[in-house]
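Please read the structure below before turning to the comments.
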Amino acid sequence: MNRLFRLQWKEKEYVLDLGDSSSRLFGPEKKWESLLTHYSWTEGKDGSYSLPDGSVALLRSGKLFIHTKGKTFQFAIKGRESSDAQTASLEIKSPMPGKIIKVEVKPGDSVKKGQTLAVVEAMKMEHALKAGADAKVQEVLAQPSDIVSQDQLLIKLSES
């Protein structure tokens, strides 16, 4: 399962895609092409991710810390954090600009935590948007082939 994060560092925004088998960092200076790719991220019991070269990535309190080659970089995470976690899990937003490929629910549907609700294609990759909690679909605001912006609200859920 991929985990997408919008990062801000030195006034620039980046997208970090932490996946089970690969991870990529995308940046605007390369027209959102991958800046780096690592195929050996290992998730530790403490929630950190490590590479064979000793680099470590850690997500804590709305920040991403990457320690590599004797230096630590701190990124502010944008677009995936909310002060109200329950509200965030009931609002399905696009993690980045892209195109809606599929919408798999309609208003009134009951959904389970982890169920795929929609699929967004961005940067030549498909990203499944999943329910953060058991809920009921209140409103669907996007349809297949729609072009969406980052953080655009796509689906509203309500508590079951």
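Overview of values
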quantity: Long-range HN-HN contacts of Ile155 with modeled amide H, under 5 Å; calculated: Ile92, Leu141
quantity: Whole-Hz ³J(HN,Hα) from phi, Karplus 6.51 cos²θ - 1.76 cosθ + 1.60, for segment 95-109, glycine and proline x; calculated: x, 6, x, x, 10, 6, 8, 9, 10, 9, 9, 9, x, x, 5
quantity: Cross-link table Lys63/Lys113; Lys93/Lys124; Lys12/Lys93; Lys63/Lys93; Lys63/Lys136; Lys12/Lys112, entries beyond 29 Å C-alpha to C-alpha; calculated: Lys63/Lys136; Lys12/Lys112
quantity: Share of carbon and sulfur in the accessible heavy-atom surface of segment 94-160 [1.4 Å probe, %]; calculated: 46
quantity: For Gln115, residues with placed amide H under 5 Å, excluding near neighbours; calculated: Ala131
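The values are calculated or read from the model by the stated rules, or taken from the named source; none is laboratory data. Only a predicted model underlies this, so the values are computations on that prediction, with no experimental measurement involved. Accessible surface is based on the protein model in full, side chains and every heavy atom, while ligands, DNA and RNA are left aside. Shrake-Rupley method; radii C 1.70, N 1.55, O 1.52, S 1.80 Å.
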